There are 2 protein chains.
Amino acid sequence: MKIAPDDLRDIATGAAFLGAGGGGDPYIGRLLAMAAIDEFGMPEIIQADEIDDDAQVFTIAMLGAPTVLGEKAACGDDIDLAIERLAQRIGRAPDALVGIEIGGMNSLIPVMAASRLGLPLIDADGMGRAFPEIQMVTFNVYGIPCTPLAMTDDHLTSVIVDTADAKSAEDLVRLASVHLGCAVVMSSYPMNGAQVKSTAVRGTLTLARDIGRAIVRGRSEGDAVDTLVSFLRTTPYYNHCKILFDGKVHDIRRETRQGFSVGHCHLSALDGSGRVMEISFQNEHLVAREDGRTRAIVPDLICLVDRETAEPVPVEALKYGQRLKVIATSAAPIMRTAESLAVFGPRAFGLEEDFVPLEEIPEQPGGTKE
Amino acid sequence: MKIAPDDLRDIATGAAFLGAGGGGDPYIGRLLAMAAIDEFGMPEIIQADEIDDDAQVFTIAMLGAPTVLGEKAACGDDIDLAIERLAQRIGRAPDALVGIEIGGMNSLIPVMAASRLGLPLIDADGMGRAFPEIQMVTFNVYGIPCTPLAMTDDHLTSVIVDTADAKSAEDLVRLASVHLGCAVVMSSYPMNGAQVKSTAVRGTLTLARDIGRAIVRGRSEGDAVDTLVSFLRTTPYYNHCKILFDGKVHDIRRETRQGFSVGHCHLSALDGSGRVMEISFQNEHLVAREDGRTRAIVPDLICLVDRETAEPVPVEALKYGQRLKVIATSAAPIMRTAESLAVFGPRAFGLEEDFVPLEEIPEQPGGTKE
């Protein structure tokens with residue numbers, strides 16, 4: 001499969017939705033991918049089934065504070081160097097690349113990398129969404145070591161890390177990334193083709209593109225949000241899908257704490273009912289509550305979109321007075337297993353409640369404030 | 001040359017002196033070296049002249065807060081791993097090891113490493129003393145890159161760093177070392193034999209041993225401090241040597257700041273003259289002043305020893321009431337050049353004065369407080 005320049009725009013829009021509020025600005029990723037494609041050509045996108053079981057696969061991503069990632073993008077040489085360092089460390093060059101997350105900027109960093117290096121890019125990732133930490137991927141959940149991991153900055157500083165577990169790598173890499181300016185490139189989870197097939201969330205680059213297409217199409221078809229929701233219900237992962245709320249931002253608290261955007265956003269209903277929704281986030285939205293009752297919770301996706309255009313609004317762009325709809329969708333089944341929930345379920349984020357699948361949460365809360 | 005078990009004791013004593021108050025407890029280094037020698041045998045000590053110009057040489061050292069290094073020593077596997085990782089990174093195994101500093105614990109870590117790995121150890125180091133930071137070595141002063149650098153901890157975490165300059169490596173490694181528990185093993189400054197010959201401070205392992213021997217011998221010969229000073233005056237580097245002060249510790253302020261022991265120590269003269277000496281340190285002693293006049297300053301060595309036994313007293317062991325003599329000696333000539341002073345002269349430590357060689361500072365201060 002080849003992707004066209006227009007697809008990059010759609011992938012960026014879809015990835016902003018799948019970022020669930022986080023993942024960094026995909027617009028920057030799109031510009032980076034476009035610049036690489038102008039110089040090195042369009043990379044080949046392949047399906048997980050097409051790779052050999054013993055092929056060598058690396059992930060490639062940027063890591064840092066979303067606010068900084070929007071200003072200090074990868075320069076290209078840092079991407080080449082991260083992959084070169086990891087290849088030298090394990091003694092084998094990659095045959096293909098795969099994304100670590102499809103949400104946000106990191107949907108398109110692998111396109112940029114695959115273009116620069118002339119490598120095929122696998123239509124898959126390790127989340128089917130975005131998450132803030134390195135260990136929060138299916139690769140880790142299902143036993144693939146995160147390290148050796150190579151990180152680089154735009155001064156071509158490189159750091160190659162080997163740790164006992166992925167959380168230790170996250171702690172060390174996060175610390176180093178802050179020291180290096182809060183925006184680094186990282187190649188990690190070296191794995192073989194068989195491991196990609198058994199652990200990755202498949203088809204997500206195509207899904208991001210198609211979500212982006214549905215959003216654009218919906219704008220000329222009537223209700224953009226309804227078009228988007230209708231499309232999501234036809235997808236393999238995001239098929240449980242609800243519009244949780246239609247409201248106006250009346251309170252937003254956001255602070256940068258230890259490299260993360262942490263806070264919450266309150267919306268009041270536009271229908272005059274007095275209902276209020278509270279959404280808490282750590283880079284990504286974690287839980288949406290109405291009158292204290294949970295309406296959707298991580299790892300299911302909670303996405304805020306403009307109520308007219310269905311344009312996804314990331315945490316960084318939330319402002320008082322915005323009129324938004326809150327959409328929740330199911331995560332991929334592989335993300336909802338007991339093993340996965342132990343790594344990125346509600347309790348992994350410090351929330352004191354268990355995961356309940358979106359489709360099992362009653363549609364209407366028990367009551368409103370009226 | 002072979003070293004004998006008794007030599008380890010003398011090297012430890014001499015290295016405590018050359019630590020100039022810092023460098024970590026050489027007693028721990030001695031225990032580590034003895035344990036390695038029991039298991040792997042005594043390593044061969046060679047002179048810098050004996051190595052081929054194109055031989056591959058690595059440094060090996062521990063890095064961290066002296067307080068922690070005394071409690072959390074290298075386990076051995078961490079040393080093997082640091083050298084293995086650096087060898088893999090540069091694509092060549094070492095033919096010999098060399099110390100980075102002769103002061104304190106790091107005088108004997110290379111003995112431990114050379115014993116474990118069956119490699120010759122070069123009788124030399126990069127300081128002829130101890131210093132707190134990675135860039136403060138002759139190797140760096142004379143153009144040898146500090147990186148690739150491999151660091152490891154006792155959980156066998158490894159971090160391989162490439163930076164544009166040695167100070168950047170210091171900053172990154174220091175940060176990571178604090179995260180990993182303030183005690184790590186580090187193999188760095190990969191260089192060839194010709195570079196060792198042109199930049200190292202030579203013969204310092206032998207010198208440390210001989211200083212230790214002089215201290216032990218002096219205890220049965222009369223005045224131990226006089227015996228030590230007489231011996232130092234016969235050495236090639238420490239030949240300018242003065243007893244600056246004979247006093248009692250009446251004030252000691254010491255805090256751990258960003259991984260360093262920082263503070264000062266005041267001594268009052270035992271001769272009833274009312275004279276006071278103030279010594280400032282950052283791990284190592286930096287400057288000794290009397291009535292505000294500088295009596296000795298970094299990179300010359302300022303060493304506090306017990307006034308009866310000449311036992312060196314490190315910063316960590318300074319206590320109110322101790323009766324000490326303050327000995328100052330010249331640093332090796334290669335450490336006193338303009339290039340060297342730019343890296344570890346007084347201003348590199350934030351002192352607002354220029355280096356004056358010990359032998360050019362008047363023996364008697366202008367006056368006393370009486």
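The values are calculated or read from the model by the stated rules, or taken from the named source; none is laboratory data. Keep in mind that what you see is a predicted model, and the values were worked out from it rather than measured. Ideal geometry is used to build each Cβ from the backbone, glycine not excepted, and the neighbour counts take in all protein chains shown. Only protein heavy atoms, including side chains, enter the accessible area calculation; ligands, DNA and RNA are left aside. Shrake-Rupley method; radii C 1.70, N 1.55, O 1.52, S 1.80 Å.
Data overview
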item	result
Residue that is surrounded by the most Cβ atoms within 10 Å (Cβ to Cβ) [pool: residues in region A:318-332 that are of a type in the set (A, V, I, L, M) and within 10 Å of A:Cys265 (Cβ to Cβ)]	A:Leu324
Matching residues in region B:287-308 - criterion: being within 13 Å of the chain's Cα centre (by Cα) and either within 15 Å of B:Leu267 (Cβ to Cβ) or open to solvent by 10 Å² or more (accessible area, probe 1.4 Å) (or both)	B:Ile302, B:Cys303
Criterion: assigned to a loop (DSSP other than H, G, I, E, B), buried (at least 23 other Cβ atoms within 10 Å of the Cβ) and of a type outside the set (A, V, I, L, M, F, W, C) - qualifying residue of B:Gly29, B:Gly21, B:Gly14	B:Gly21
Listing of helices (runs of 4 or more DSSP H) fully contained in region B:159-233 that carry 1 or more residues being at pLDDT below 95 and within 14 Å of chain A (Cβ to nearest Cβ)	B:166-179
Within region B:335-346, tally of residues that are open to solvent by 30 Å² or more (accessible area, probe 1.4 Å) and either of a type in the set (S, T, N, Q) or at pLDDT below 95 (or both)	1
Residue satisfying condition, being more than 25 Å from B:Pro190 (Cα to Cα), surrounded by fewer than 24 Cβ atoms within 10 Å (Cβ to Cβ) and either out of contact with any strand residue (DSSP E or B) (no Cβ under 6 Å at 6 or more places or on another chain) or not β-branched (Val, Ile, Thr) (or both), within set B:Glu84, B:Glu44, B:Glu39, B:Glu50	B:Glu39
Qualifying strands (runs of 3 or more DSSP E) (wholly inside region A:281-370; at least 1 residues being small (Gly, Ala, Ser))	A:284-290, A:293-297, A:323-329
Some residue of region A:112-132 being surrounded by 22 or more Cβ atoms within 10 Å (Cβ to Cβ), of a type in the set (D, E, K, R), away from chain B (no Cβ under 14 Å) and part of a strand (DSSP E or B)	yes
Pairs with Cβ under 8 Å, 6+ apart, first in region B:230-253 and within 23 Å of B:Met277 (Cα to Cα), second β-branched (Val, Ile, Thr) and surrounded by fewer than 14 Cβ atoms within 10 Å (Cβ to Cβ)	none
Qualifying residue in region A:137-153 (condition: open to solvent by less than 10 Å² (accessible area, probe 1.4 Å), in contact with an Asp or Glu (Cβ under 7 Å, 6 or more places away or on another chain) and within 12 Å of chain B (Cβ to nearest Cβ))	yes
Residue in region A:12-33 that is aliphatic (A, V, I, L, M) and more than 30 Å from A:Gln258 (Cα to Cα) present	no
Residue count for region A:84-111, restricted to those that are among the small types (Gly, Ala, Ser), part of a loop (DSSP other than H, G, I, E, B) and within 15 Å of A:Gly14 (Cα to Cα)	1
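Okay, residues lined up against (1) under 20 Å from the mean Cα position of the chain (by Cα); (2) open to solvent by 30 Å² or more (accessible area, probe 1.4 Å):
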{"site": "B:Lys167", "(1), (2)": "yes, yes"}
{"site": "B:Ser188", "(1), (2)": "yes, no"}
{"site": "B:Ala224", "(1), (2)": "no, no"}
{"site": "B:His240", "(1), (2)": "yes, yes"}
{"site": "B:Phe245", "(1), (2)": "no, no"}
{"site": "B:Lys248", "(1), (2)": "no, yes"}
{"site": "B:Gln258", "(1), (2)": "yes, yes"}
{"site": "B:Ala269", "(1), (2)": "no, no"}
{"site": "B:Glu278", "(1), (2)": "no, yes"}
